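Q: I have a structure here, written as structure tokens, and I will follow up with some questions on it.
The values are calculated or read from the model by the stated rules, or taken from the named source; none is laboratory data. Please read all numbers here as calculations on a predicted model, not as lab measurements. So basically every Cβ, Gly included, is an ideal-geometry build from the backbone, and we count neighbours across all protein chains shown. With ligands, DNA and RNA removed, areas are computed over all heavy atoms of the protein, side chains included. Shrake-Rupley method; radii C 1.70, N 1.55, O 1.52, S 1.80 Å.
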Amino acid sequence: NCVNIRAMKIAGLQKLTLLDYPGKTAATVFTPGCNFRCPFCQNIDLVLPATQKDLPLLSEEDFFSFLNKRKGLLDGICITGGEPTLQPDLTQFCQQIKDQGFLVKLDTNGSRPEILERLLSLGCLDYVAMDIKNSPSRYAETCGGIDCLSRVRDSAALLMDGTVDYEFRTTVCAPLHTPRDMEELGR
């Protein structure tokens with residue numbers, strides 16, 4: 001009997017969302033951990049190590065049991081965080097969801113293009129929502145000092161190749177975002 005000790009970490013489950021996956025009924029899986037420290041983070045309990053340790057984790061077995069009961073009711077699963085691409089078993093997890101007949105949407109900050117590329121090349125994703133944190137000149141400042149702009153650009157280029165449906169989105173928060181920043185971001 002083998003035990004998978006590298007199981008996907010699931011720190012939360014929203015059993016139904018009509019908003020997170022455009023045009024689809026879905027459930028949302030929340031993963032802990034993030035490599036950014038955005039001051040406007042809406043899921044801060046999932047990001048900071050001090051608060052992560054208090055989060056009850058849902059087992060993969062319980063998640064897939066839930067998923068089996070939702071066949072015919074849900075179109076897909078949204079995987080968000082934190083930053084899901086930090087999870088070592090993300091590829092396997094996405095493939096298991098696809099094998100169950102569900103669509104997979106990934107929310108990402110785009111900082112790990114190699115993971116995104118692998119997921120896309122294996123057909124594990126149907127939709128990606130990537131956060132664009134700010135204009136290039138203020139990117140590191142907005143991410144908590146993380147220099148990641150070239151990696152984010154690589155991820156954006158992967159998505160713009162058209163393998164899957166995608167959206168770019170930005171949380172606007174004064175004073176971190178000015179009209180000039182938004183104009184620069186758009187270019």
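Q: Answer with yes or no whether Leu116 is open to solvent by less than 50 Å² (accessible area, probe 1.4 Å), part of a helix (DSSP H, G or I) and under 28 Å from Leu176 (Cβ atoms). First the steps, then the outcome.
A: Details: open to solvent by less than 50 Å² (accessible area, probe 1.4 Å): yes; part of a helix (DSSP H, G or I): yes; under 28 Å from Leu176 (Cβ atoms): yes.
Here the answer is yes, as Leu116 does meet what is asked.
Q: Is it the case that Gly23 is modelled with pLDDT of 90 or more and either in contact with a helix residue (DSSP H, G or I) (Cβ under 6 Å, 6 or more places away or on another chain) or surrounded by fewer than 19 Cβ atoms within 10 Å (Cβ to Cβ) (or both)?
A: Answer is yes for this residue.
Q: While we're looking at this one, here's another question. Which residue pairs have Cβ atoms under 9 Å apart, sit 6 or more places apart or on different chains, and have a first residue in segment 165-187 that is modelled with pLDDT of 95 or more and a second that is open to solvent by 50 Å² or more (accessible area, probe 1.4 Å)?
A: If the second residue must be open to solvent by 50 Å² or more (accessible area, probe 1.4 Å), the pairs left are Asp165/Pro22; Tyr166/Met160; Glu167/Pro22.
Q: Within segment 26-39, how many residues turn out to be over 19 Å from Pro88 (Cα atoms) and open to solvent by 40 Å² or more (accessible area, probe 1.4 Å)?
A: Total satisfying the criteria: 2.
Q: Tell me the residue from Gly101, Gly81, Gly33 that is small (Gly, Ala, Ser) and farther than 20 Å from Thr142 by Cα, please.
A: Gly101
Q: Conditions: (1) surrounded by 15 or more Cβ atoms within 10 Å (Cβ to Cβ); (2) over 19 Å from Gln42 (Cβ atoms); (3) over 18 Å from the mean Cα position of the chain (by Cα). Ser155 meets all but one. Number of the miss?
A: The one condition Ser155 does not meet is (3).
Q: Something else about it: From (1) surrounded by fewer than 22 Cβ atoms within 10 Å (Cβ to Cβ); (2) under 13 Å from Thr85 (Cα atoms); (3) aliphatic (A, V, I, L, M); (4) in contact with a helix residue (DSSP H, G or I) (Cβ under 6 Å, 6 or more places away or on another chain), pick out the condition that doesn't hold for Leu149.
A: With respect to (1) surrounded by fewer than 22 Cβ atoms within 10 Å (Cβ to Cβ); (2) under 13 Å from Thr85 (Cα atoms); (3) aliphatic (A, V, I, L, M); (4) in contact with a helix residue (DSSP H, G or I) (Cβ under 6 Å, 6 or more places away or on another chain), Leu149 is out only on (2).
Q: Now for a separate question. Can you confirm whether segment 67-75 contains a residue that is under 21 Å from Gly23 (Cα atoms), small (Gly, Ala, Ser) and without any contact (Cβ under 8 Å) to a residue 24 or more places away in the chain?
A: Scanning segment 67-75, I find at least one residue that is under 21 Å from Gly23 (Cα atoms), small (Gly, Ala, Ser) and without any contact (Cβ under 8 Å) to a residue 24 or more places away in the chain, so the answer is yes.
Q: Does Asp62 count as under 30 Å from Thr170 (Cβ atoms), of a type in the set (Asp, Glu) and open to solvent by 40 Å² or more (accessible area, probe 1.4 Å)?
A: Considered against the rule, which asks whether it is under 30 Å from Thr170 (Cβ atoms), of a type in the set (Asp, Glu) and open to solvent by 40 Å² or more (accessible area, probe 1.4 Å), Asp62 comes out as no.
Q: Could you list, in sequence order, all residues of segment 139-170 that are within 26 Å of Val104 (Cβ to Cβ) and in a helix (DSSP H, G or I)?
A: Listed by number, the residues that qualify are Arg151, Val152, Arg153, Asp154, Ser155, Ala156, Ala157, Leu158, Leu159, Met160.
Q: Looking at Ser135 and the list (1) open to solvent by less than 10 Å² (accessible area, probe 1.4 Å); (2) in contact with an Asp or Glu (Cβ under 6 Å, 6 or more places away or on another chain); (3) closer than 21 Å to Lys9 by Cα, which single condition is not satisfied?
A: The one condition Ser135 does not meet is (3).
Q: Among the residues of segment 84-106, write down those that are surrounded by fewer than 23 Cβ atoms within 10 Å (Cβ to Cβ) and assigned to a strand (DSSP E or B).
A: Leu103
Q: Additional query: Out of (1) assigned to a loop (DSSP other than H, G, I, E, B); (2) open to solvent by 50 Å² or more (accessible area, probe 1.4 Å); (3) among the aliphatic types (A, V, I, L, M), what's the single condition that is false for Ala50?
A: Result: Ala50 passes all but (1).
Q: I need every pair where a residue in segment 135-155 that is closer than 15 Å to Val172 by Cα has its Cβ under 7 Å from the Cβ of a residue that is assigned to a helix (DSSP H, G or I), sequence separation at least 6 or different chains.
A: Close Cβ pairs satisfying both conditions: Ser135/Asp181; Ser135/Glu184; Ser135/Leu185; Pro136/Leu149; Pro136/Glu184; Arg138/Asp181; Tyr139/Leu149.
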